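Student: The structure's right below; bear with me while I get my questions together.
The values are calculated or read from the model by the stated rules, or taken from the named source; none is laboratory data. Worth saying up front: this structure is predicted, and the values here are computed from it rather than measured. In this analysis, Cβ positions are derived from the backbone assuming ideal geometry, glycine residues included, and neighbour counts consider all displayed protein chains. Accessible surface is based on the protein model in full, side chains and every heavy atom, while ligands, DNA and RNA are left aside. Shrake-Rupley method; radii C 1.70, N 1.55, O 1.52, S 1.80 Å.
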Amino acid sequence: MKQYKFLKDSPKAYGGDLLKTRKGRAEGRPLDTKNTIHLILRSTKAVREWSFWKPVNKNKIKQIVSKFSKKYGVRIYSMANVGNHLHFQIKLSNRFTYDPFIRAITSAIAMAVTGASKINKFKFEPKDRFWDQRPFTRVVKGYKAFLNLRDYIEINRLEGFGFQKPQARFFYGWNQLKEVEATSPP
């Protein structure tokens, strides 16, 4: 006997390219305090001097994320800096902390990378924004999905170091194998 679903599944993803479709705009951003969230911030303007991978910008981004995650009670499980976009695996302590947290890190990162401030205003054209789209978020439910996201972010981190995707997957898998061999009893 088949069990019928009376309630719709809530959407798990929001933002980014999804906002270009009707389906992506149909409902609000799903947030969850019990499960982790995959967050992606992308900027095509982050090249050359503004690249997130540049050592000065890389350190500033780490400090900004650390500062605001402590301030708003957001736990950062993993983070990958790929040069023009950032991947995060976060967990919210309260669903009302997402908005101020995302506003704070996006504006602080944009100002730190471009050198803009209240005094030294950097003017973009109205159509030119630093961030390409709204942040992409996806609720990650279940332990296996949690581990898959962790691995995905690690592979993206390796891609940020210059590895191609197949090389990064191989290298990450090889390191996982070495860790298992090192921890297993002889």
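Student: For ILE119 and SER66, FRET efficiency with R0 = 25 Å and r from the beta-carbon atoms, rounded to 0.05?
Tutor: 0.50
Student: Find out how many positive minus negative residues lie around ALA108, taking Lys and Arg as positive, Asp and Glu as negative, among other residues whose Cβ is under 10 Å from that of ALA108.
Tutor: +3
Student: Check the stretch 51-90 and count each lysine pair with an alpha-carbon distance under 15 angstrom, considering only pairs eight or more places apart or from different chains.
Tutor: 4
Student: Between GLN167 and ARG134, take the C-beta separation as r, use R0 = 35 Å, and let me know the FRET efficiency to the nearest 0.05.
Tutor: That pair, GLN167 with ARG134, gives E of 0.65.
Student: Right, here's the next one. For the pair VAL56 and TYR143, how long in nm is the line joining their label points, each one 7 Å along Cα→Cβ?
Tutor: Label-label distance for VAL56 and TYR143, simple model: 4.6 nm.
Student: While we're looking at this one, here's another question. Which order do GLU154, GLU49 take by accessible area at a 1.4 Å probe, largest first?
Tutor: From most accessible down to least: GLU49, GLU154.
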